[in-house]
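Novice: Take this structure first; my questions come after.
The values are calculated or read from the model by the stated rules, or taken from the named source; none is laboratory data. As the structure is a prediction and not an experimental result, all values here were calculated from the model. Neighbour counts run over all protein chains shown; Cβ positions are idealised from the backbone, glycine included.
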Ligand code: ADQ
């Protein structure tokens, strides 16, 4: 954290993301409550922003957000602290529909994830996406106190914004991070606005992805669809007189402080509380899944694996419970509604087949949980199942590891999540292969404590070292080198 502050040496930092780091909602009693959204981006970027200060620009989406902005209707401060300022932009329902639900989530999201959901491209959504990108770019320019701020652009909602900001602030350092996978160039090529998206992103000083493979796919797309010069050795692109660096920066989480760990209930206490809340007998082994309710997360495949486990190993029928926490997300989209219904139907079927003594083996809790509640679940679990069909990184896997200071519990992890590169000591599986996941689950449930410890100790040392401050620090160091080079070359 302090290293980050030193690196910045007073530079102004502006973050742009669609999702706001916290929402103000009006509770049933009329009181305003603060909620942290279920979002990997927020989990990662919020601690970085606390360390950097600066301004965060995001779409105000909480029902009471407008009630808490300051008198100038401009900014609000994070609850209980003043480490950074939040500037909310208000979108009309039409803008939200076209830019967010339409182009970003029906177009780019399925385009970038191999989950076999067909992207939808509408001209009107695209126009909206451009306009909203311009509005956020204008907000960045108006917040800039100098002509060379550091702008951290987050995710696929803002592919056009880097070039828009670059035109107005040519000396800005623009670090764009793409939190989801980048597809191969053939798949990407079906997007009618592929050229515009690439040109927009190349307004960045650095374009960052989670893995080298996503960088390679991006460079292939640039090579194929633009007249650009690529220097593979340095991973740079020169396009219309500007240069961008394309690099992988695997994202992570903030490692919990010793005080935070000391304040947590013990794993045994967490297990006791969850057992009491959900009526799970103490002799049951507990597996958990924690996700947004999204078709890329492989929840359906996970349930099939649980069903297969119970078919293959009758001994688990009265000794195993699977708790799936699923936060509602993008629920106005039909694809998401249909997905949720399929999951609910499958969970019902499994419970009808295998429910014993009036108890359901699958507990589906389709709601947002507070951070502490998720943490208790991680600490109580024997196994955490992460079976994404495709995931840029996946922070749930890293949170589970960080929660286990007792060095117990087993992580089952999809090979199609970026996290599988960082966490090879997990049981790495192909989520499409039901049999393999069921076998891995059985292996996890029967793994000797010594082996659990050995694997978990490796995983914990990786996540502790490669934490989110290092993620941000590496990007800032690369950007500083870049700026220096530019200043030197200007002097020549
Ligand atoms: P997401 O798709 O949101 O992130 P992920 O990285 O797993 O996925 O992060 C989800 C976050 O939301 C975690 O912090 C998790 O604890 C929280 N969460 C999930 N379900 C919840 C629930 N029911 N209640 C409360 N909290 C919940 C995107 C990409 C990922 C990438 C991140 C960061 O899709 O691949 O890892 O950005 O770059």
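Novice: Quick one: how many residues across the range 338-364 are modelled with pLDDT of 95 or more and within 21 Å of residue 280 (Cα to Cα)?
Specialist: 15
Novice: Give the residue that is farthest from residue 475 (Cα to Cα), with candidates limited to residues of the range 40-52 that are without any contact (Cβ under 8 Å) to a residue 40 or more places away in the chain and within 12 Å of the ligand (Cβ to nearest atom).
Specialist: So the residue we want is 42.
Novice: Could you list all residues from the range 27-39 that are in contact with a helix residue (DSSP H, G or I) (Cβ under 8 Å, 6 or more places away or on another chain) and either assigned to a loop (DSSP other than H, G, I, E, B) or within 8 Å of the ligand (Cβ to nearest atom) (or both)?
Specialist: Hit for the range 27-39 is 36, nothing else.
Novice: Same structure, new question: Are there any pairs with C-beta distances below 9 angstrom linking a residue in the range 405-434 that is within 15 Å of the ligand (Cβ to nearest atom) to a residue that is modelled with pLDDT under 95 and part of a loop (DSSP other than H, G, I, E, B), with the two at least 6 apart or on different chains, and if so which?
Specialist: Taking only residues 6 or more apart or on different chains, not a single pair turns up.
Novice: Right, something else. Here are 165, 151: which of them is assigned to a helix (DSSP H, G or I) and buried (at least 20 other Cβ atoms within 10 Å of the Cβ)?
Specialist: 165
Novice: For the range 271-330, name all the residues that are touching a strand residue (DSSP E or B) at 6+ places or on another chain (Cβ under 8 Å), surrounded by 17 or more Cβ atoms within 10 Å (Cβ to Cβ) and at positive phi.
Specialist: If the condition is that a residue be touching a strand residue (DSSP E or B) at 6+ places or on another chain (Cβ under 8 Å), surrounded by 17 or more Cβ atoms within 10 Å (Cβ to Cβ) and at positive phi, then 298 is the only one that fits.
Novice: Report those strands (runs of 3 or more DSSP E) wholly inside the range 178-255 carrying at least 1 residues which are within 16 Å of the ligand (Cβ to nearest atom).
Specialist: Qualifying strands (runs of 3 or more DSSP E): 206-209, 242-248.
Novice: Taking only the range 388-401 into account, find how many residues are within 12 Å of the ligand (Cβ to nearest atom) and in contact with a helix residue (DSSP H, G or I) (Cβ under 6 Å, 6 or more places away or on another chain).
Specialist: Residues flagged as within 12 Å of the ligand (Cβ to nearest atom) and in contact with a helix residue (DSSP H, G or I) (Cβ under 6 Å, 6 or more places away or on another chain) within the range 388-401 amount to 9.
Novice: Related question: Can you tell me which of 291, 283 is modelled with pLDDT of 95 or more and within 16 Å of the ligand (Cβ to nearest atom)?
Specialist: 291
Novice: For a quick check of your reading of the model, give me the residue pairs whose first member lies in the range 353-372 and is in a loop (DSSP other than H, G, I, E, B), whose second is away from the ligand (no atom under 16 Å from the Cβ), with beta-carbon atoms closer than 6 Å and at least 6 apart or on different chains.
Specialist: 360/351; 361/321; 361/354
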